[in-house]
Amino acid sequence: MRTLCFATNNAHKLKEIQNILGDQVKLVTLEEIGCFEEIDEPFDTIAANSEVKARFIWERFKVNNFADDSGLVIPALDGEPGVRSARYAGPERDNKANIRLVWERLRGLDTSAYFVTVITLIMDGGTYVFEGKAQGRILFGERGENGFGYDPVFLPEGSDRTFAEMSLDEKSKISHRAKAFNKLKAFLQGRY
Ligand code: ITT
């Protein structure tokens, strides 16, 4: 089985994605390919940040790899929090404070929002991009205990429950992340 580097050191994330991709590939972390550097995410779009990570690994280590980046996009806030989703209210990555800031800025505006995940795969020198979106709207109140980040205030389209009121299995049927990774999986099938 060929190995494929997933540009992360988050063991939990790696396990989750290995589970989606199945046994057609063996994922390895950044540390396993000898990369111990913090890779900057300097750009102002989610797509550009995922590409810069994958390209860095390819240039430096010449190994097939993919990188992902995700965020919450609120059109009425000109796309914020977007690339700044994790640190919207400050460097502490405080989910509650991030949500409060969204509420503060969104009051009186259109609450439509979507989560997006962009994966950049660099395989044998070629670059391939996979995107997944989950459309919904922001609630002014938190509901549910599951998930992370903005899940308690995100009501996906067609559902009467927030992402945080869903089990991981349920969320994984409709989430931006699952959609993007299922596209990657389909692409790798038979090619890797
Ligand atoms: P890395 O270490 O891999 O960068 P991260 O926490 O930055 O992990 P992502 O790039 O996947 O995670 O997402 C960036 C932020 O966007 C994340 O911290 C959340 O605030 C928000 N976010 C992304 N996906 C989400 C989801 O499924 N539910 C709730 N919030 C999400």
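Annotations
- Length gained on full extension, Asn182 to Ala11: 59.6 nm, using 0.36 nm per residue less the C-alpha separation.
- Inter-site label distance for Ala97 and Phe43 at 7 Å from Cα along Cβ, in nm: 2.8 nm
- For Lys133, a cut-off of 21 angstrom between C-alpha atoms picks up these lysines, skipping any fewer than 8 places away in its own chain: Lys13, Lys53, Lys171, Lys173, Lys179, Lys183, Lys185.
- Dipole magnitude (debye, nearest 20) for region 1-150, charges at Cβ of Lys, Arg, Asp, Glu: 300 debye
- Applying the criteria of a DSSP loop state and at most 12 other Cβ atoms within 10 Å to the GluC sites (Glu not before Pro) of region 100-192 yields Glu145, Glu157.
- Sparse-neighbour loop sites [chymotrypsin sites (Phe, Trp or Tyr not before Pro); region 27-132; at most 16 other C-beta within 10 Å; DSSP]: Phe36, Phe43
- The modelled label-to-label distance between Met1 and Glu145, using points 7 Å beyond Cα along the C-beta direction, is 3.5 nm.
- Region 1-100: mean projected area of Cα convex hull, nm²: 7.4 nm²
- Shown here: the chain, whose C-alpha atoms stretch 50, 32, 24 Å along the first, second and third principal axes, sorted largest to smallest.
- The trypsin sites (Lys or Arg not before Pro) of region 111-192 meeting both criteria, a DSSP state outside H, G, I, E and B (loop) and at most 11 other C-beta atoms within 10 angstrom of the site's C-beta, are Arg191.
We did not get these values from a lab; they are worked out from the coordinates using the rules stated. These numbers come from a predicted model, not from an experiment. Reconstructed Cβ throughout: ideal geometry from the backbone, glycine too, with neighbour counts over all protein chains shown.
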